[in-house]
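Below: one structure, written as structure tokens.
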Amino acid sequence: NVPANLLDAISLPSVANLPGLLQPVLLLEALALAFIASAETLLAAGAVDRMQKFWRTDYDRELSAQGVGNMLCGFVGALPMTGVIVRSSTNVLAGARTRLSAILHGVWLLGFVALLPFGLQMIPTACLGAILLFTGYKLVDDKNIRHLATYGRFPVLIYAVTVITIVSVDLLTGVLAGIGLSIAKLVYKVTHLEIQTTFDRARKRADVKLMGTATFIKIPKLATTLESLPPGSEVHFHIEQLAYIDHACLDVVSNWRHEHEKNGGS
């Protein structure tokens, strides 16, 4: 429903409403909106950067502008704004080359709402939904999914869970699900340690290959491996594929080394 006079839609905050800003529920809603809007803008900007090679996004500037704009939106009682991939991709596909295309998009909307509200009311909502759905569908490129698969199965799983959750639940839940899985993958990567050992009985030589990240979380696994090495053997550590080792694991190796050398090993 578009008001006959656009100024009637402006709702300035009153002094009576200010105490409501301290309500925990309202603060949580504000944080959720800020999170969604920021994430959507950054994702859209990154996607647009890959779609064209004329401009590269200044992400700090983008978020700063969005923050100022949303403060003004809140002041006049308007909905929060965010960068949108469907609108942005449509601009790129239409041949847009500068940021003026996004500004003019706002100008056209303002013009229609202010001067031709009766025209907007004649457009069936189902038509707008169909256009949005079709444009979004065109953005799904199976080549990108196949390219994502080259990084392993987990990125594809994150992609699938995010898409399914957004469609079946809502945007915030979907984004949170994707970020949660990404954090889980990151935690796995920074805590995963693979140890391979081989032993040549004829030469009494043991080779220990460490791959991944050796942190205090993997001390039991590392200690068990070291204790299983035969006493008096010549041990070689291979650490070319070890990304990081913390002081706790170094202590374990150092203490084991002294004991191993005391028993005739090297």
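For segment 236-256, how many residues are in contact with a strand residue (DSSP E or B) (Cβ under 7 Å, 6 or more places away or on another chain) and open to solvent by 90 Å² or more (accessible area, probe 1.4 Å)?
Of the residues in segment 236-256, 3 are in contact with a strand residue (DSSP E or B) (Cβ under 7 Å, 6 or more places away or on another chain) and open to solvent by 90 Å² or more (accessible area, probe 1.4 Å).
Those residues that are over 27 Å from residue 212 (Cα atoms) and open to solvent by less than 50 Å² (accessible area, probe 1.4 Å), I need them from segment 173-190; list them, please.
Passing the criteria: 174, 175.
Restricted to segment 1-18, and to residues that are in a helix (DSSP H, G or I) and open to solvent by 70 Å² or more (accessible area, probe 1.4 Å), which residue is nearest to residue 95 (Cα to Cα)?
Step one: list which residues in segment 1-18 are in a helix (DSSP H, G or I), which gives 6-9, 15-18.
Then drop every residue that is not open to solvent by 70 Å² or more (accessible area, probe 1.4 Å), which leaves 7-8, 15-18.
Details: 7: 34, 8: 36, 15: 47, 16: 48, 17: 45, 18: 45 Å.
Here the answer is 7.
Is there a residue in segment 59-71 that is part of a helix (DSSP H, G or I), under 20 Å from the mean Cα position of the chain (by Cα), hydroxyl-bearing (Ser, Thr, Tyr) and at pLDDT 85 or above?
Start the filter on segment 59-71 by keeping residues that are part of a helix (DSSP H, G or I), which leaves 59-71.
In the following step, the residues that additionally are under 20 Å from the mean Cα position of the chain (by Cα) were identified as 59-64, 66-67.
From what is left, the residues that are hydroxyl-bearing (Ser, Thr, Tyr) are 59, 64.
With the extra rule that they be at pLDDT 85 or above, the set shrinks to 59, 64.
Checked against the condition, which is being part of a helix (DSSP H, G or I), under 20 Å from the mean Cα position of the chain (by Cα), hydroxyl-bearing (Ser, Thr, Tyr) and at pLDDT 85 or above, segment 59-71 yields at least one hit.
Do you know which residues across segment 125-144 are open to solvent by less than 70 Å² (accessible area, probe 1.4 Å) and free of Cβ contacts under 8 Å to residues at least 24 places away in the same chain?
Applying the first criterion (open to solvent by less than 70 Å² (accessible area, probe 1.4 Å)) to segment 125-144 yields 127, 129-130, 135-136, 139, 141.
Those that are open to solvent by less than 70 Å² (accessible area, probe 1.4 Å) and free of Cβ contacts under 8 Å to residues at least 24 places away in the same chain: 127, 129, 130, 141.
For segment 19-49, which positions are in a helix (DSSP H, G or I) and open to solvent by 90 Å² or more (accessible area, probe 1.4 Å)?
21, 22, 24, 25, 28, 29, 31, 33, 43
Please tell me if residue 222 is over 31 Å from the mean Cα position of the chain (by Cα), open to solvent by less than 30 Å² (accessible area, probe 1.4 Å) and either closer than 30 Å to residue 152 by Cβ or of a type in the set (Lys, Arg) (or both).
Values: over 31 Å from the mean Cα position of the chain (by Cα): yes; open to solvent by less than 30 Å² (accessible area, probe 1.4 Å): yes; either closer than 30 Å to residue 152 by Cβ or of a type in the set (Lys, Arg) (or both): yes.
Criteria met by residue 222.
The values are calculated or read from the model by the stated rules, or taken from the named source; none is laboratory data. Predicted model only: the values in this text are computed from it and were never measured. Cβ coordinates were reconstructed from backbone atoms using ideal geometry, including for glycine residues, and neighbour counts include every protein chain displayed. Note: accessible area is taken over every heavy atom of the protein model, side chains too, but ligands, DNA and RNA are not part of it. Shrake-Rupley method; radii C 1.70, N 1.55, O 1.52, S 1.80 Å.
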